[in-house]
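To start, the structure under review is shown below, and the notes come after it.
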């Protein structure tokens, strides 16, 4: 039954059908378990040495990441699970069936015709090809390795975050429904990661609050530089803010800061982007004077890097203990939600300071996120796993 039809069902009937579907799925996986074990034994030695399959939800970052790794000699492919209205490119695209028996057959096909051909599975967001992650223990038994790459709220703990950073944190106004940190599926996947992960990574150092032994590997610069555009003083000062989760970004606070600056007599054009494609965000950045984002997380993320690559200084928040000299001297502009209005007004009224930041933006972000150096980190990680050096960065 499709999701559209289920939406019309009474809640009680919907819950009953969901439980039935889950039970049928479990029975189906149990029924094919002997076949899976047989295939695992037969196909254990059949893989492409040195190959890495990145498994993720359908987003642009792992797509570009695998292209960059290929450019640096890593045999990397990208398998996307699920659909997205904002991105549609991957080497393999799994659209999981909502009908349990079909889902079981679909999972068998993908695991044994595609996934098993790779020596390393690099899982972003703890995404698995199957609903239950049944392939992970079999892959490890076959001598494959699993890199667990935590990228966000799949590893965060709301209570711990509120306790550690009570003044400001992304959990205060969480607008995920349901919260990914608390769903049974996510709890199950975290347990899978603990049991079967070979190495553990985080994309930003603030996440080490929740995975302290994980390795921080910086983001790649995933977009090519766009031609720098000279500022036209005759048009309004333009600020871009892009997010699909206004609560965790502090969007309401950002709007208020913009309005406060406007109330002081400054003409501002505020471009707020939600639910648009990656290309649309890049187009908006091409016309921006500043971007603002990640004001509550404690560190910046991929969109801020893309802004800097477009030659657009970005206002963001980095916790003091994560600050570095390179960050201070970069094209970043650091502020808190409390100081955001004053920060915006300063750069509106000091064009020379804005020009200085614009001139630093692209070069500084490329220095801090050197693709060749980051690719070497991944190469060394993969090489170590292939050499049997054991588990790295365990949580």
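The values are calculated or read from the model by the stated rules, or taken from the named source; none is laboratory data. Keep in mind the model is a prediction, meaning the values are calculated, not measured. So basically every Cβ, Gly included, is an ideal-geometry build from the backbone, and we count neighbours across all protein chains shown.
Need pairs with beta-carbon distance below 8 Å; first residue within 10 Å of residue 120 (Cβ to Cβ) and within segment 379-394, second at pLDDT below 60 and surrounded by 15 or more Cβ atoms within 10 Å (Cβ to Cβ); sequence gap 6+ or separate chains.
Note: pairs meeting the criteria are 381/392; 385/392.
Exactly one of these conditions fails for residue 85: (1) under 27 Å from the mean Cα position of the chain (by Cα); (2) at pLDDT below 95; (3) surrounded by 13 or more Cβ atoms within 10 Å (Cβ to Cβ). Give me its number.
Every listed condition holds for residue 85 apart from (3).
Counting only residues that are free of Cβ contacts under 8 Å to residues at least 24 places away in the same chain and either under 27 Å from residue 282 (Cα atoms) or in contact with a strand residue (DSSP E or B) (Cβ under 6 Å, 6 or more places away or on another chain) (or both), how many does segment 313-322 have?
Residues meeting the conditions: 1.
Would you call residue 376 assigned to a helix (DSSP H, G or I) and within 23 Å of the chain's Cα centre (by Cα)?
Answer is yes for this residue.
Quick one: in segment 52-76, which of the residues that are within 18 Å of residue 128 (Cα to Cα) and more than 17 Å from the chain's Cα centre (by Cα) is surrounded by the most Cβ atoms within 10 Å (Cβ to Cβ)?
Here the residue is 76.
Restricting attention to segment 347-361, which residues are farther than 21 Å from residue 326 by Cβ and loosely packed, with under 15 Cβ neighbours inside 10 Å?
Once the filter is applied, which keeps residues that are farther than 21 Å from residue 326 by Cβ and loosely packed, with under 15 Cβ neighbours inside 10 Å, segment 347-361 yields 349, 350, 351, 352.
Which condition breaks for residue 245 when tested against (1) at pLDDT 95 or above; (2) under 27 Å from residue 321 (Cβ atoms); (3) out of contact with any strand residue (DSSP E or B) (no Cβ under 8 Å at 6 or more places or on another chain)?
Here residue 245 clears every test but (1).
Being farther than 28 Å from residue 170 by Cβ and in contact with a helix residue (DSSP H, G or I) (Cβ under 7 Å, 6 or more places away or on another chain): is that true of residue 375 here?
For residue 375, the condition - farther than 28 Å from residue 170 by Cβ and in contact with a helix residue (DSSP H, G or I) (Cβ under 7 Å, 6 or more places away or on another chain) - is met.
Can you find a residue that is surrounded by 15 or more Cβ atoms within 10 Å (Cβ to Cβ), over 26 Å from residue 280 (Cβ atoms) and touching a strand residue (DSSP E or B) at 6+ places or on another chain (Cβ under 8 Å) anywhere in segment 14-34?
Checked segment 14-34: no residue is surrounded by 15 or more Cβ atoms within 10 Å (Cβ to Cβ), over 26 Å from residue 280 (Cβ atoms) and touching a strand residue (DSSP E or B) at 6+ places or on another chain (Cβ under 8 Å).
Between 155, 120, which is modelled with pLDDT of 95 or more, assigned by TED's automatic domain parsing to the domain that holds residue 197 and within 30 Å of residue 254 (Cβ to Cβ)?
155
Look at residue 140 and say whether it is part of a loop (DSSP other than H, G, I, E, B), touching a helix residue (DSSP H, G or I) at 6+ places or on another chain (Cβ under 9 Å) and at pLDDT 95 or above.
No: the conditions fail for residue 140.
Can you confirm whether segment 330-340 contains a residue that is assigned to a helix (DSSP H, G or I), modelled with pLDDT of 95 or more and buried (at least 18 other Cβ atoms within 10 Å of the Cβ)?
Yes; the residues of segment 330-340 include at least one that is assigned to a helix (DSSP H, G or I), modelled with pLDDT of 95 or more and buried (at least 18 other Cβ atoms within 10 Å of the Cβ).
If you scan segment 34-60, which residues turn out to be in contact (Cβ under 8 Å) with a residue 40 or more places away in the chain, in a helix (DSSP H, G or I) and farther than 30 Å from residue 244 by Cα?
Matches in segment 34-60: 35, 36, 37, 39, 40, 43.
Restricting to strands (runs of 3 or more DSSP E) lying wholly in segment 195-300: which have 3 or more residues that are within 27 Å of residue 363 (Cα to Cα), under 21 Å from the mean Cα position of the chain (by Cα) and in contact (Cβ under 8 Å) with a residue 24 or more places away in the chain?
Where strands (runs of 3 or more DSSP E) fall fully within segment 195-300 and carry at least 3 residues being within 27 Å of residue 363 (Cα to Cα), under 21 Å from the mean Cα position of the chain (by Cα) and in contact (Cβ under 8 Å) with a residue 24 or more places away in the chain, they are 237-242.
Residues to consider are 101, 62; find the one that is in contact with a helix residue (DSSP H, G or I) (Cβ under 7 Å, 6 or more places away or on another chain), assigned by TED's automatic domain parsing to the domain that holds residue 40 and farther than 19 Å from residue 41 by Cα.
101
For segment 179-188, give me each residue that is surrounded by fewer than 22 Cβ atoms within 10 Å (Cβ to Cβ) and in a helix (DSSP H, G or I).
Within segment 179-188, 180, 182, 184, 185, 186, 187, 188 meet the criteria.
Out of all the residues in segment 345-354, is one or more in contact with a strand residue (DSSP E or B) (Cβ under 6 Å, 6 or more places away or on another chain), at pLDDT 95 or above, under 30 Å from residue 263 (Cα atoms) and in a helix (DSSP H, G or I)?
Within segment 345-354, one or more residues are in contact with a strand residue (DSSP E or B) (Cβ under 6 Å, 6 or more places away or on another chain), at pLDDT 95 or above, under 30 Å from residue 263 (Cα atoms) and in a helix (DSSP H, G or I).
Could you say which residue among 7, 3, 44 is at pLDDT 95 or above, over 20 Å from residue 90 (Cβ atoms), surrounded by fewer than 16 Cβ atoms within 10 Å (Cβ to Cβ) and out of contact with any helix residue (DSSP H, G or I) (no Cβ under 7 Å at 6 or more places or on another chain)?
Only one candidate passes the filter, namely 44.
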